[in-house]
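Quick note: the coordinates plus some simple rules give every number you see, no bench work behind them. Here the structure is a predicted model, which means the values were calculated and not measured. Cβ coordinates were reconstructed from backbone atoms using ideal geometry, including for glycine residues, and neighbour counts include every protein chain displayed.
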Amino acid sequence: MARTPSTQRLPLGQPVPDFALPDPAGKIHRLAELCQGRPTVVVFACNHCPYVIHVRDAFGKIAKEFQAKGISFVAINSNDATQYPDDAPSLMPAFAKTGGWNFPYLVDENQQVAKAWHAACTPDLFVLDANGKLAYAGQFDSSRPGNGEPVDGRDLRTALEALLVNRPIPAPQKPSLGCNIKWKPGNEPA
């Protein structure tokens, strides 16, 4: 596991790259359909990363809470499942169910969405406003495996609560930190 921060970011206040990705059953999900004019949380995740496992259940609870307030959620697995078989699409539904993820968990097989979004690690969080513009690109909270900090999603919660009442999201937005995305050989971003 390479401890990797998200440092290269998409510009805040700008539209994000569109995508159309399958879930493990093959159903295609498009960003516009997932958003439907609502704020949306996009998280790059995977099944085996200790950082994702560390926040999985708390992320599921926050998703349930904020879905009830009109916010959409989607997770994307961009890892190379050939080299990291624990991230295989066939294992994604059980992983999501265990964490209480009742939102699409999609497969970025060719890793083009991760590249377009400048995702660097898992978990890597992006929050879009109701117009599909990037409003937040930061950490879930300051907890990490073994650091003793509460796994409460404080940073994400603060961003979502601000969006819901049309307030600016507090700065600074601290970058996500986790395992690096497992790029296919020769596919690493420049």
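Tabulated data
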item: Residues located in segment 63-77, provided they are in a helix (DSSP H, G or I) and buried (at least 23 other Cβ atoms within 10 Å of the Cβ); result: A63
item: Residue that is among the hydrophobic types (A, V, I, L, M, F, W, C) and farther than 28 Å from Y84 by Cα, where the choices are A130, A137, A116; result: A130
item: Residues within segment 79-95 that are in a helix (DSSP H, G or I) and either in contact with a strand residue (DSSP E or B) (Cβ under 9 Å, 6 or more places away or on another chain) or touching a residue at least 24 places away in the same chain (Cβ under 8 Å) (or both), tallied; result: 8
item: Looking only at segment 149-189, and only at residues there that are under 16 Å from F126 (Cβ atoms) and polar (S, T, N, Q), the one that is surrounded by the fewest Cβ atoms within 10 Å (Cβ to Cβ); result: T158
item: Top-ranked residue of segment 94-143 - restricted to ones that are charged (D, E, K, R) and touching a Gly at 6+ places or on another chain (Cβ under 6 Å), ranked as farthest from A63 (Cα to Cα); result: K133
